[in-house]
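Following: one structure in structure tokens, then a few remarks.
Please treat every number below as a calculation from the coordinates, not as lab data. Here the structure is a predicted model, which means the values were calculated and not measured. Heads up, the Cβs are rebuilt from the backbone with ideal geometry, glycines too, and the neighbour counts pull from every protein chain shown.
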Amino acid sequence: MTQPRPRFFPGQRWANISLRCAHLVGVSGSGGGFLFALPEAQWQPFWYLTLASGGLLALLYAWSDFTWLLKLKGQVILLKLALLALAHFFYPAWQAEAFMLAIVLSGFFAHAPDRVRSYAWGRKVRPCH
């Protein structure tokens, strides 16, 4: 069974770059809430920016190549969301640690070789470019 080719649209690279920049701003601002117990009003807009930009990035990646969800690079995104949701709703005392672990996972998988990022738990899927 052949896999469908990745989809692209004009300006997709710039959309990706813009969303990544917005995501970095959101994550940076959210850090105050997770790490320093600032009042929610000071960091919550950044958290919403983080969720919106991250969600749009994930949709963009999945739209471009649905096999992204089968690879570590997609699964780590879901892991980070689950980790932060668990810390927020069930283990508030661990919010700072969960936030830092999400940052470490992001850094590791953003800069890992493609063979690591595209690993698909034994499935043979073509690289997502």
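For region 14-64, the relative contact order works out to 44 percent when only alpha carbon pairs closer than 8 Å and six or more residues apart are counted.
Computed over the chain with a Gaussian network model linking Cα atoms closer than 10 Å, the most mobile of GLY11, GLY74, GLY54 is GLY11. Using C-alpha pairs under 8 Å with a sequence gap of at least 6, the mean separation divided by the residue count of the chain gives a relative contact order of 26 percent. Provide the FRET efficiency to the nearest 0.05 for the GLN42-ALA82 pair, computing r from the beta carbons and using R0 = 25 Å. That pair, GLN42 with ALA82, gives E of 0.45. Longest stretch of the chain clear of exposed loop sites (trypsin sites (Lys or Arg not before Pro), DSSP loop, at most 14 other Cβ atoms within 10 Å, sites excluded): 8-122.
In a fully extended conformation the segment linking ALA110 and PHE9 would gain 34.1 nm over its present Cα-Cα distance, using 0.36 nm per residue. With angles folded into 0 to 90 degrees, how steeply does helix 12-36 sit against the dominant principal axis of the chain? Use alpha carbons for both and round to 10. In the chain, helix 12-36 runs at an angle near 30 degrees to the longest axis. Considering only GLY55, GLY107, GLY29, the mean-square fluctuation computed in a Gaussian network model of the chain, springs between alpha carbons under 10 angstrom, is largest for GLY107. Less than 5 angstrom separates the built amide H of ASP65 from those of ARG7, all sequence-distant by 5 or more or on a different chain. Annotation: amide H of LEU38 within the under-5 Å range of GLY33, sequence separation 5 or more or interchain, hydrogens built in the peptide plane. The convex hull drawn around the Cα atoms of the chain, when projected onto a plane and averaged over every direction, covers 8.6 nm².
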